[in-house]
Every structure is written in structure tokens, then in C-alpha cells.
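Undergrad: Dropping the structure in here first, questions after.
The values are calculated or read from the model by the stated rules, or taken from the named source; none is laboratory data. For clarity, every value in this text was computed on a predicted model and none was experimentally measured. As a convention, Cβ positions derive from the backbone with ideal geometry for all residues, glycine included, and neighbour counts pool all protein chains shown.
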Amino acid sequence: MLNQRLQTAKAVATELLPAEREVDSAIVRSARLTIAVVEGRERCKLPLTAGQEGLSLVTQATARLVEAREFLAHAHAAFRTTQAEIGLQAVSFGDATPCPPSAELAPSHLTVVA
């Protein structure tokens, strides 16, 4: 049973981490698209209204991507809670910073010194 839980946790992590990276990439692409529209209009000396509807839709899509990023971050934290609930030790995955240890998993024999 423990092996199945561990395999499931690894499968979730294998999909979650790329999803987090891909939503960041989508945000960057969408921002670059916004820049291309604005700079292209200026370069072509078109009226301010040229491409406005498309620009508005792109910025709405970008906002939704940012919202999706937030949901993924909350899901990551929820899965960490689930991981503890099903009896798996905390495992840090990620490319930026590791997950902070839970209070009950933190070593109690260490002391902070200045």
C-alpha cells in the first residue's frame, strides 16, 4: 500500500511541476504578444484603436493565465498537505526553492546562533 501511495505521489509531482513551468511560459508568451501588438501599432503609425479588441482579449487571457498560476500554487500546497495525511515523508521538488518543512518534521535538536 505504501509503495502505491509513493508511486502516486511521484506521478502527481511528475505532472504538477511541468504544469507550473508551462503556465509561466504561457504568461511570458502572452506578455510578449502584448508587446508585439503595441510596438507594431506604433511602428506602423496606426491609430490607437487599431487592434484594440485583439489586445484587450490577449490581456484578458494573460490575466487568466496568472490566475491559473495562482490555482496551481494552491494545488501544490494542498497536495503537500495530502502527502502528510497519507503518511509520506515530505519530499522537496522544484527548480526555485524547496518546500519548507512542516513544523512537526523540523528537527528539534538544532539551534539558531548569531
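Undergrad: Exactly one condition in (1) of a type in the set (G, A, S); (2) at pLDDT 90 or above; (3) part of a loop (DSSP other than H, G, I, E, B) is false for S92; which is it?
TA: (2)
Undergrad: Residues of the range 39-53 being loosely packed, with under 12 Cβ neighbours inside 10 Å and either of a type in the set (K, R) or in a helix (DSSP H, G or I) (or both), which ones?
TA: E39, E42, R43, K45, E53
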